[in-house]
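Novice: Just passing along the structure, written as structure tokens.
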Amino acid sequence: MELSVSILSVKKENCIQTFYNLETAGVDYFHIDVMDGEFVENDTTKIMTEYTEYLNTITNIPLDVHLMVKDVMPYIKSYLIFEPRSITVHYEAAKNKEELLGWIQYIKEQNCKVGISIKPNTAVKEIFEFLPYIHTVLVMTVEPGKGGQKLIPETIAKIKELKKYLKENHLEVEIEADGGINENNANGLKEAGCDIVVAGTSIMNSDDYKEIVRKLKVKD
Ligand code: DX5
Ligand code: ZN
């Protein structure tokens with residue numbers, strides 16, 4: 001599996017050194033958790049912009065932007081400037097199907113990959129109709145809004161259901177899981193069909209980034 005490290009829990013002091021250490025440890029992407037204080041309670045807009053500016057100058061590791069915001073379009077535009085690998089919007093933030101399709105089209109027109117994220121209580125069937133147009137489904141394995149939560153076990157069945165649907169319909173969409181992921185549940189996520197896992201706390205709390213990154217990637 002590939003590993004996208006959430007920078008939500010990176011401490012401000014010597015954050016540059018932390019980003020270097022994460023890059024050397026072999027992360028595949030930096031996961032940027034943008035929260036506007038409306039779609040979710042926390043507001044990380046300032047710090048995420050600051051960190052993304054640093055990352056854009058010091059590393060070539062691709063950026064995996066996760067927008068947990070209500071007013072989506074302005075954030076899509078401001079993060080496209082950083083030329084991220086992908087921008088992921090929340091299904092639950094769209095007023096209707098047309099609005100969601102509009103975001104998808106706009107992001108792809110700017111040559112950026114697009115993902116849809118679903119909260120733990122959103123059924124995977126809600127996004128089936130959008131799968132032919134997107135690159136990634138970000139399955140939230142915690143309620144979005146903060147780091148350091150425990151993975152919700154029921155979300156693993158959603159990953160299995162999504163993987164089955166993708167196979168049956170010959171769709172090449174990546175499955176990415178996000179929230180509460182650590183060395184003890186990474187294997188189960190891979191078996192359920194995950195291509196990418198997002199981890200923040202389990203990496204930031206470890207004293208050997210290289211080791212925890214290796215364990216989370218669950219090499220074959
Ligand atoms: C939660 C974010 C996740 C979270 C992951 O709203 O989308 O990316 O920061 O962090 P941990 O690994 O601490 O759950
Ligand atoms: Zn996230």
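The values are calculated or read from the model by the stated rules, or taken from the named source; none is laboratory data. Please read these numbers as outputs of a predicted model, since none were measured by experiment. So basically every Cβ, Gly included, is an ideal-geometry build from the backbone, and we count neighbours across all protein chains shown. The protein model used for the area step is the full one, side chains on, heavy atoms only, and it has no ligands, DNA or RNA in it. Shrake-Rupley method; radii C 1.70, N 1.55, O 1.52, S 1.80 Å.
Novice: So which of LYS146, LYS158 is over 16 Å from ILE7 (Cα atoms) and open to solvent by 10 Å² or more (accessible area, probe 1.4 Å)?
Specialist: LYS158
Novice: Turning to a different aspect of this structure: Open to solvent by less than 60 Å² (accessible area, probe 1.4 Å), more than 16 Å from ligand 2 (Cβ to nearest atom) and out of contact with any strand residue (DSSP E or B) (no Cβ under 9 Å at 6 or more places or on another chain) - does that describe any residue in region 65-75?
Specialist: yes
Novice: Within region 4-23, can one find any residue that is in contact with a Ser or Thr (Cβ under 6 Å, 6 or more places away or on another chain) and open to solvent by less than 40 Å² (accessible area, probe 1.4 Å)?
Specialist: The answer is yes, given that some residue of region 4-23 is in contact with a Ser or Thr (Cβ under 6 Å, 6 or more places away or on another chain) and open to solvent by less than 40 Å² (accessible area, probe 1.4 Å).
Novice: Further question: Could you list, ordered by first residue, the pairs with Cβ atoms under 7 Å in which the first is in region 143-156 and within 11 Å of ligand 2 (Cβ to nearest atom) and the second is part of a helix (DSSP H, G or I), at least 6 apart or interchain?
Specialist: The qualifying pairs are GLY147/LEU8; GLY147/SER9; GLY147/THR201.
Novice: With within 16 Å of ligand 2 (Cβ to nearest atom), under 24 Å from VAL197 (Cβ atoms), open to solvent by less than 40 Å² (accessible area, probe 1.4 Å) and in a loop (DSSP other than H, G, I, E, B) as the only criterion, which of VAL34, VAL40 stands out?
Specialist: Selected residue: VAL40, the only one of VAL34, VAL40 that is within 16 Å of ligand 2 (Cβ to nearest atom), under 24 Å from VAL197 (Cβ atoms), open to solvent by less than 40 Å² (accessible area, probe 1.4 Å) and in a loop (DSSP other than H, G, I, E, B).
Novice: Something else about it: Mind telling me which of the residues ASN182, ASN121, ASN111 ends up being surrounded by 14 or more Cβ atoms within 10 Å (Cβ to Cβ), at pLDDT 95 or above, in a loop (DSSP other than H, G, I, E, B) and among the polar types (S, T, N, Q)?
Specialist: ASN182
Novice: Within region 78-106, can you find the residues that are of a type in the set (Ser, Thr, Tyr) and surrounded by fewer than 16 Cβ atoms within 10 Å (Cβ to Cβ)?
Specialist: Initial filter on region 78-106 (of a type in the set (Ser, Thr, Tyr)): 78-79, 86, 88, 91, 106.
Listed by number, the list holds a single entry, SER78.
Novice: Select from region 187-199 the residues that are out of contact with any Lys or Arg (no Cβ under 6 Å at 6 or more places or on another chain) and either open to solvent by 10 Å² or more (accessible area, probe 1.4 Å) or closer than 13 Å to THR155 by Cα (or both) and list them in ascending order.
Specialist: Passing the criteria: ASN187, GLY188, LEU189, LYS190, GLU191, CYS194, ASP195.
Novice: Looking only at region 185-209, which residues are within 12 Å of VAL5 (Cα to Cα), out of contact with any Phe, Trp or Tyr (no Cβ under 8 Å at 6 or more places or on another chain) and in a helix (DSSP H, G or I)?
Specialist: From region 185-209, those within 12 Å of VAL5 (Cα to Cα) are 196-204, 209; that's our starting set.
This time we only want the ones that are out of contact with any Phe, Trp or Tyr (no Cβ under 8 Å at 6 or more places or on another chain), so: 197-202, 204, 209.
Answer for region 185-209, where residues must be within 12 Å of VAL5 (Cα to Cα), out of contact with any Phe, Trp or Tyr (no Cβ under 8 Å at 6 or more places or on another chain) and in a helix (DSSP H, G or I): THR201, SER202, MET204, TYR209.
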